[in-house]
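Q: The structure under discussion is supplied below as structure tokens; questions concerning it will follow.
Read-outs: derived from the displayed coordinates by stated rules, not from any lab. Fair warning: this is a prediction, and the values are worked out from it, not measured in the lab. Positions of Cβ are backbone-derived with ideal geometry, glycine not excepted, and every protein chain shown enters the neighbour counts.
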Amino acid sequence: MIAVVQRVSKAGVTVAEAGHDARIELGLVVLLCIEHEDTPEKASWMAAKIAKLRVFEDDDQRFNLSIKDVAGSVLLVSQFTLAGDCSKGNRPSFISAASPEAGQDLIDKVQQLLHQEHDIPVECGVFGASMKVDLVNEGPATFILRR
């Protein structure tokens with residue numbers, strides 16, 4: 001499981017074909033990739049890590065606050081291309097990416113855990129759709145989580 005986490009002042013994801021438009025203000029954009037060996041236990045770890053990650057600044061401009069501390073939201077976007085292996089040739093190989101069914105199940109699990117166990121508002125993209133993501137990365141602050 002791979003996540004690219006970006007601290008944002010605002011962000012959104014639009015899927016024109018589905019008439020879907022999800023938006024957040026202060027929070028985290030999480031681009032999440034599920035790989036074929038990922039499990040519900042890894043989804044639980046990832047949700048807890050995202051919820052507890054201290055990447056927001058306190059009064060001393062130190063990374064000491066979590067998303068819950070700042071009453072932020074998460075914009076969760078599935079992104080299988082993070083599994084792209086570009087080490088050979090010029091075309092990425094996605095052999096490590098989970099099947100669409102397994103990927104969607106674990107993306108849904110992370111969303112559910114963030115919302116129900118960690119009490120964080122979560123907006124989502126549309127799994128498997130072509131999406132347009134816009135964001136204002138604050139800092140910029142971008143982190144890679146891998147489990």
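Q: Could you give the nm distance between label points at Thr142 and Val4, where each point is 7 Å from its Cα heading toward the beta carbon?
A: Between Thr142 and Val4, the simple spin-label model gives 0.5 nm.
Q: Here's something else I'd like to know. Measure nothing but the geometry: give the 0 to 90° angle between the long axis through the Cα atoms of 40-52 and the longest principal axis through the Cα atoms of the chain, rounded to 10°.
A: Helix 40-52 sits at roughly 30 degrees to that axis.
Q: Percent antiparallel among DSSP beta bridges with both residues in the chain, to the nearest 5?
A: 75
Q: Go through segment 43-147 and name the GluC sites (Glu not before Pro) that are in a DSSP coil and have 14 or fewer other Cβ atoms within 10 Å of their Cβ.
A: Glu117
Q: Let me ask something else about it. List residues of segment 126-147, by number, whose backbone nitrogen lies under 18 Å from a label position 7 Å along Cα→C-beta of Asp105.
A: Backbone N within reach: 127-128.
Q: Compare the peptides 103-111, 36-44, 20-28 by average per-residue count of other Cβ atoms within 10 angstrom and give them in order, highest first.
A: Peptide ranking by packing, descending: 103-111, 20-28, 36-44.
Q: In terms of the Cα gyration tensor, with a ≥ b ≥ c the square roots of its eigenvalues, is segment 1-107 rounded because a/c is under 1.5, prolate because a/b exceeds b/c, or oblate?
A: prolate
Q: Within the chain, what is the number of lysine pairs with alpha carbons under 23 Å apart, leaving out pairs fewer than eight places apart on the same chain?
A: Pairs that pass both the separation and distance tests number 13.
Q: Full extension from Thr39 to Glu25: what is 0.36 nm times the residue separation minus their Cα-Cα distance, to one decimal in nm?
A: Taking 0.36 nm per residue and subtracting the Cα distance, the gain is 2.0 nm.
Q: Using amide H atoms built in the peptide plane, which far-off residues or other-chain residues are under 5 Å from Val122 H to H?
A: Val74
Q: Further question on the same structure: Test of understanding: express the Cα radius of gyration of segment 23-67 as a ratio to 2.2 N^0.38 Å, with N the residue count.
A: That ratio works out to 1.42.
Q: Additional query: Sort out for me the Cα centre separation of segment 47-66 from segment 84-146, rounded to whole Å.
A: Between the Cα centre of segment 47-66 and that of segment 84-146, the gap is 20 Å.
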